[in-house]
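The values are calculated or read from the model by the stated rules, or taken from the named source; none is laboratory data. Predicted model only: the values in this text are computed from it and were never measured. Reconstructed Cβ throughout: ideal geometry from the backbone, glycine too, with neighbour counts over all protein chains shown. SASA here: full protein model, heavy atoms, side chains in, ligands and nucleic acids out. Shrake-Rupley method; radii C 1.70, N 1.55, O 1.52, S 1.80 Å.
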Amino acid sequence: MAEFTINPANSQFETTNFGQRVNNSESLKAGLRGPTLMEDFMMREKIMHFDHERIPERVVHARGVGAHGYFESYGDWSNITAAGFLNAPGKKTPTFTRFSTVLGNKGSSDTVRDDRGFATRFYTDEGNFDLVGNVIPPFFIQDAIKFPDLIHAGKMEPDTDTPQAGTAHETAYDFFAEFPETLHTVMWVLSPRGIPRSLRQVEGFGIHTFRLVTADGNSVFCKFHWKPAQGVSNLLWDEAQKIAGKNSDFHRDDLYTAINRGDFPSWELGVQIIPAEDEFKYDFDLLDPTKLVPEDLVPVTKLGRMVLNRNVDNFFSETEQVTMHPGHLVNGIGITDDPLLQGRLFSYLDTQINRMNSANFMQLPINRPLNQVTNNQRDGFMQSNTFKGNVAYYPNALNGNKPELASHADGGYIEYPEEVNGQKQRGRPPSFWDFYSQARLYWNSLTPAEQQQTVDGFRFEVGKSKSVDVRRRFVDRLNQIDNSLARRVAIGVGVPLPEMVVENDGKTDSHLSIQNYPKPDNIRTRRVAILTAPGTNQQEAKSMYDYLTAEGAYPSYIGVHQGDQEGLNIDNTYVLDSSVLYDAIYIPGGAGGIDFLSESTSLFPMDEPKAFVMDAYRHGKPIAASSEGEQFFQAAVEGMTGVNGTDGIILGSENNIQESFKQALITQRFWSRLPIDQNI
Ligand code: HDE
């Protein structure tokens, strides 16, 4: 993007768009107190441009954050694909990744409950390959023609334009209850997967079954996966809701900060490879996007690794103007007859022409491929190329038939010669008609604590429906998945407890739980609040701060006021910050601090330091306390009900708690502290 990059700091004079240097702080008037003159070209141009600054936001996935990076292939994968970016060990390809929520408008909060987009563009030598995926492996619907219905039901209700950014309302659950193929994905969104702790700690999925095709034309089916080196983690709903108010840019800030500090997040790109002869081997259809391929059945082969190492310079030019498209394919990667994918191939270009207001948006720096684009497409709004000569057609003798048509040998795209035969008809194959088995597989694969989070999620979301009929119909659908799940939700949303109609087959997959997901061996980027006040034991506070910093964590002192507080330089205060914005807390000793914190002060909301500790405790976060800090911890949590035990609570003297605190930070959350209401 270099030749289009402008650094205003290096530009001496302001000019108009046609290059005239100007002084445009005041408009041109007839007399200093007189009317503004129409002839003021500086004012007209400046205001006109401002009036046109906005473009339509994406109709879905409007809110996002992007970052540049690179992909590095682990090997030569030409045995399964002709894709050049995968054909040599160590081969590097630049990438751009955009994460997004789905339903909320551009200005909504990051931590809403939702699926999320995970879209990556590979700027390969052979053109752009866009892997436009999500963070949840199945999708809600089987056929693209239902997408407008799904989104109309899930987005704000049209009469009031509420609620913002989430499915916790009547029309969503009315639709889900009426259209049960949605249930598997609804289960995922309502589980902890729907509220990630960080966009660095999500998996990514291509969802559809794609094809990999070799240079010889051999093909296998594949599912794409992104596996985060940072592990997978989520928020609790109480945290997510509070964060939405405290910092609606929580996920964006988290990504920008980690990259700015050199803690580059990375993901391994993997594929589940399914040989052509196994197409009909499973009890689900590979073309049905509401199903995943359990990793216990088909393991993921890791092809390479992506590192995000550069933040955008300009949100609009890059993140907002990037136009990802599942139809941007490179040689060696092909599509299947998945009816959702087929419809997507139409939708993206169509919506982008609307949003970008010109057919030439692929010429923008963030969109154009690294290799040269040569074809006979011409003109259109904002054409920025100057094409020489009089030939814009093929075949042509005048230009010696240039640009030529590329054969496979020349690197031309290899279409897999799939046989197609059938009667024209609407409908879906019988192999698409099972809506409950994988929803059950997912439910069964969650740990008891994750199941509780999911039940709580349903109680909240379904409970937001004013219509008792919608709540009852939805609970009846859940009952097709699992009776205990349905009963636990039913009691919360005030509908009759359903009798069992299907036996749970007990099937599980060992790769679906977050709690059991492999953890990184370090605490890099973990945010830790060190609670201080006048009288805090400086030595203890500083020692923990230095230890955590050396381990790569991000500690912050929380103080009573900003600036110098008895030698500690305080950035964050009990007014600015809350426990929900941190992964863990530490309470150093110091008698003065304890006394001070136990009194109310107008410098922070009443009992805020105690609320810090109480929230961290009931959210299952690691808490360390030393010396008198331990007494403050006990005083804060005394009398709390429902929270269980001391897992992840590290009390003791200054030095012997540091290593245990580190181990607790690796665990990240102590689910055992959270209550469970299993037997209803
Ligand atoms: Fe999208 N989707 N989608 N989608 N989608 C868009 O394209 C659409 C689907 C996904 O960061 C839109 O440029 C249809 C599945 C992501 O720029 C639009 C269907 C998956 C992004 C569109 C689907 C996705 C989009 C809106 C059903 C996961 C954001 C703006 C057939 C595999 C990309 C735009 C970015 C964006 C249509 C289903 C992921 C309207 C019709 C399944 C990550 O074209």
Checking the structure you have, find out if any residue of the range 172-182 is within 15 Å of the ligand (Cβ to nearest atom), surrounded by fewer than 21 Cβ atoms within 10 Å (Cβ to Cβ), modelled with pLDDT of 95 or more and outside any helix (DSSP H, G or I). yes
In the range 120-127, is there at least one residue being within 11 Å of the ligand (Cβ to nearest atom) and either open to solvent by 30 Å² or more (accessible area, probe 1.4 Å) or under 21 Å from Gly204 (Cα atoms) (or both)? yes
Among (1) within 29 Å of Met356 (Cα to Cα); (2) open to solvent by less than 10 Å² (accessible area, probe 1.4 Å) - the single one Gly327 does not satisfy: (2)
Do we have Ser384 as within 28 Å of Ala62 (Cβ to Cβ), away from the ligand (no atom under 13 Å from the Cβ), in contact with a Leu (Cβ under 8 Å, 6 or more places away or on another chain) and open to solvent by 40 Å² or more (accessible area, probe 1.4 Å) here? no
Filter the range 8-42 down to the residues that are open to solvent by less than 80 Å² (accessible area, probe 1.4 Å) and within 30 Å of Pro94 (Cα to Cα) and list them by number. Ser11
How do the pairs read when you match residues in the range 272-297 that are among the aromatic types (Phe, Trp, Tyr) and loosely packed, with under 15 Cβ neighbours inside 10 Å with residues anywhere that are in a loop (DSSP other than H, G, I, E, B) and modelled with pLDDT of 95 or more, using Cβ under 7 Å and keeping only pairs 6 or more apart or on different chains? none
Picked from the range 451-475 (must be among the β-branched types (Val, Ile, Thr) and touching a residue at least 24 places away in the same chain (Cβ under 8 Å)), the residue most open to solvent (accessible area, probe 1.4 Å) is Val468
Every residue from the range 43-69 that is open to solvent by less than 50 Å² (accessible area, probe 1.4 Å) and away from the ligand (no atom under 16 Å from the Cβ): Glu45
Take the conditions surrounded by 15 or more Cβ atoms within 10 Å (Cβ to Cβ), under 30 Å from the mean Cα position of the chain (by Cα) and in contact (Cβ under 8 Å) with a residue 60 or more places away in the chain and apply them to Lys662. Does it pass? yes
Listed by first then second residue, the pairs whose first member lies in the range 233-250 and is under 15 Å from Arg193 (Cβ atoms), whose partner is open to solvent by 30 Å² or more (accessible area, probe 1.4 Å) and not polar (S, T, N, Q), with beta carbons under 8 Å and at least 6 positions apart or on separate chains, are Trp237/Asp456; Trp237/Phe460
Output the residue which, of all residues in the range 206-219 that are β-branched (Val, Ile, Thr) and farther than 22 Å from Gln142 by Cα, is nearest to the ligand (Cβ to nearest atom). Val213
Might you let me know whether the range 542-556 holds any residue that is more than 20 Å from Ala439 (Cβ to Cβ), part of a loop (DSSP other than H, G, I, E, B), modelled with pLDDT under 95 and touching a strand residue (DSSP E or B) at 6+ places or on another chain (Cβ under 7 Å)? no
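Residue-by-condition table, conditions (1) assigned to a helix (DSSP H, G or I); (2) modelled with pLDDT under 95; (3) farther than 22 Å from His68 by Cβ:
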site	(1), (2), (3)
Glu239	yes, no, yes
Asp254	yes, no, no
Val322	no, no, no
Asp337	no, no, yes
Only one of (1) within 16 Å of the ligand (Cβ to nearest atom); (2) more than 24 Å from the chain's Cα centre (by Cα) fails for Asn331. Which number is that? (1)
So which of Asn367, Asn390, Asn371 is away from the ligand (no atom under 16 Å from the Cβ) and open to solvent by less than 80 Å² (accessible area, probe 1.4 Å)? Asn371
If you go through the range 96-117 one residue at a time, how many are within 16 Å of Trp188 (Cα to Cα), in contact with a Gly (Cβ under 8 Å, 6 or more places away or on another chain) and within 9 Å of the ligand (Cβ to nearest atom)? 3
When (1) open to solvent by 70 Å² or more (accessible area, probe 1.4 Å); (2) not in a loop (DSSP other than H, G, I, E, B) are applied to Pro518, the one that fails is (2)
Has the range 136-157 got any residue that is of a type in the set (D, E, K, R), within 12 Å of the ligand (Cβ to nearest atom) and open to solvent by less than 10 Å² (accessible area, probe 1.4 Å)? no
